[in-house]
Amino acid sequence: MSGDALIERLAAIVGGEQVLTAEADMTPFLGDWRGRYRGAARCIVRPGTTSEVAAVVRACSDAGVAMVPQGGNTSHCGASIPDTSGQSVLLSLSRLNRIRAVDVPNNTMTVEAGCVLQEIQATASRVGRLFPLSLAAEGSCQIGGNLSTNAGGVQVLRYGNARELVLGLEVVLPSGEIWNGLRALRKDNTGYDLKHLFIGAEGTLGIITAAVIKLFPQPSAVVTAWLAINSPQDAVTLLGKLQAGFGAGLTACELVSDVSLGMVLKHIPEAQAPLERSPWYLLLELAGAGDADVLRVQLEDFLGDAIGAELVSDAVIAQSGDQAARLWDLRERISEAQKIEGFSIKHDISVPVSRIGEFLDLAGEALNAAYPGIRIVAFGHVGDGNLHYNQSKPEAGENASFMASQPDVNRIVHDIVHALGGSISAEHGIGQLKREELQRYKSAIELDMMRAIKRTLDPKGLMNPGKVL
Ligand code: FAD
């Protein structure tokens, strides 16, 4: 089928105005937010229903044309950007954005893939429930993208990754068939749990069109605090004590280095240091069903003991929602500030929580020896063993030469992570950025199983080629 014939067939399925071919219309879909990847496509197609997605996939499959699913395009690893051949069709899921059902007694909601995460959170809140997936990109990322990347975020400690928040999926397979797995069951042991194949698959096995997601009670009390601490080891000790003292009430425990805070204070005009500067900080959130004042007093007691034990040097507890939001802003805007500072090398690694201190010591020593003056911007979800371990060039260094050192910096960091039993991607996924790294660190048997699954579901290799495998 010629390119034009395929575009005509796609236009007949979704309507001519939903097939974009003009360069200016396609441009926003073809580059990533970090400015690292720019691809090309024969068109952008925007189906509005699951059956339209299925018909689009069938048309592309018949024509032997590759497809790239795209949600909010907030990927950190170029996962939703096509290659530069200009041969693929980019499928934007944004118009598939209906909330299909809310079942309050069952604590579930059925949502289409293109629903923006923040809108899902707001819908849950309107019925007195919480959808706990929360990340800084929530104003633009979509649930289909969140599930396809098994997104994490700041509440994994209490509620788990996106994978743990899903009961059922509807998926258009690479053949164009629709799998309706929209079950709203918390218990279902009827063979292989197929939904987990598509969660975290980065669009390489099929297109998620809808999901049944879990809702939770809204906590009536939320208390947020910012702690000055001396070391990541102290953070891990505190985490254990907080979990023992508050159980599931500890919903977030975020580690922030002073280098990271320094970048926020430098580049975000409204940012203010909440305490005297210290080598490290912890941002805590406690949530529960009781009274916020009671929870606040319990946290004050806890912090009094921790200061007495010299685990915490100083602390502030937010006295209002506004103050809590300002503390969260210091954490959430680190990536933005680091972007303003210049080119950065990013790692979203995980290691067992018990080895976080060891990882930071080993990686810090190795990077400083190889690149004197390198600035290490480390922050993240200490409770999950997941750190954003990013590097900025030395103050006097050049962006270009720092960019050239990226493969070597990755090797240093990832080899240490691997040696400590960790993962080279705890959150952002593989995309096109870490495809070669995956080959280095996954065992041959694991890669073979992944390839076998890919071949079985996508024998023509048309679904988001060049990503993950
Ligand atoms: P996209 O970027 O559009 O796509 C991501 C991948 O999913 C691609 O492979 C794409 O092909 C595939 N895909 C998209 N929709 C579908 C679908 N319906 N069916 C099949 N495949 C699909 N991530 C975290 O995990 N935790 C964080 O804390 C976090 N913080 C972030 C903060 C900022 C400021 C930014 C910009 C990003 C952050 N991210 C984080 C990364 C990103 O937001 C997540 O990966 C998010 O889940 C991607 O959603 P998206 O809709 O933008 O997907």
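Would you mind listing the strands (runs of 3 or more DSSP E) fully within the stretch 97-172 where at least 3 residues are crowded, with 21+ Cβ neighbours inside 10 Å?
The strands (runs of 3 or more DSSP E) meeting that bar are 108-112, 166-172.
The rows are residues; the columns are (1) touching a helix residue (DSSP H, G or I) at 6+ places or on another chain (Cβ under 7 Å); (2) more than 14 Å from the ligand (Cβ to nearest atom); (3) not hydroxyl-bearing (Ser, Thr, Tyr).
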site	(1), (2), (3)
Arg38	no, yes, yes
Cys43	yes, yes, yes
Val56	yes, no, yes
Ala66	no, no, yes
His76	no, no, yes
Gln87	no, yes, yes
Ser92	yes, no, no
Ile99	yes, yes, yes
Ala113	yes, no, yes
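For the stretch 352-365, taking the residues that are within 30 Å of Leu286 (Cα to Cα) and open to solvent by less than 10 Å² (accessible area, probe 1.4 Å), the one that is farthest from the chain's Cα centre (by Cα) is identified as Gly357. Candidates Asn399, Asn390, Asn368, Asn386: the one that is of a type in the set (S, T, N, Q), at pLDDT 95 or above, open to solvent by 50 Å² or more (accessible area, probe 1.4 Å) and at negative phi is Asn368. I'm trying to understand the selection: among the residues of the stretch 121-170, which are hydrophobic (A, V, I, L, M, F, W, C), more than 8 Å from the ligand (Cβ to nearest atom) and closer than 20 Å to Ile99 by Cα? Passing the criteria: Ala122, Ala124, Val127, Leu130, Phe131, Leu133, Leu165, Val166, Leu167, Leu169. Considering only the stretch 1-17, state which residues are crowded, with 19+ Cβ neighbours inside 10 Å and farther than 15 Å from Ala63 by Cβ. Matches in the stretch 1-17: Val14 only.
Taking Trp226 as the residue in question, decide whether it is within 17 Å of Gly380 (Cα to Cα), among the hydrophobic types (A, V, I, L, M, F, W, C) and in a strand (DSSP E or B). So Trp226 passes the test. Would you mind stating whether Glu336 is modelled with pLDDT under 95 and either within 14 Å of the ligand (Cβ to nearest atom) or part of a strand (DSSP E or B) (or both)? Against the criterion (modelled with pLDDT under 95 and either within 14 Å of the ligand (Cβ to nearest atom) or part of a strand (DSSP E or B) (or both)), Glu336 qualifies. Put simply, of Gly114, Gly86 the only residue that is of a type outside the set (D, E, K, R), at pLDDT 95 or above and touching a Leu at 6+ places or on another chain (Cβ under 6 Å) is Gly114.
The values are calculated or read from the model by the stated rules, or taken from the named source; none is laboratory data. Because the structure is a prediction, the values reported are computed rather than measured. So basically every Cβ, Gly included, is an ideal-geometry build from the backbone, and we count neighbours across all protein chains shown. Please note that ligands, DNA and RNA were not included when accessible areas were found on the heavy atoms of the full protein model with its side chains. Shrake-Rupley method; radii C 1.70, N 1.55, O 1.52, S 1.80 Å.
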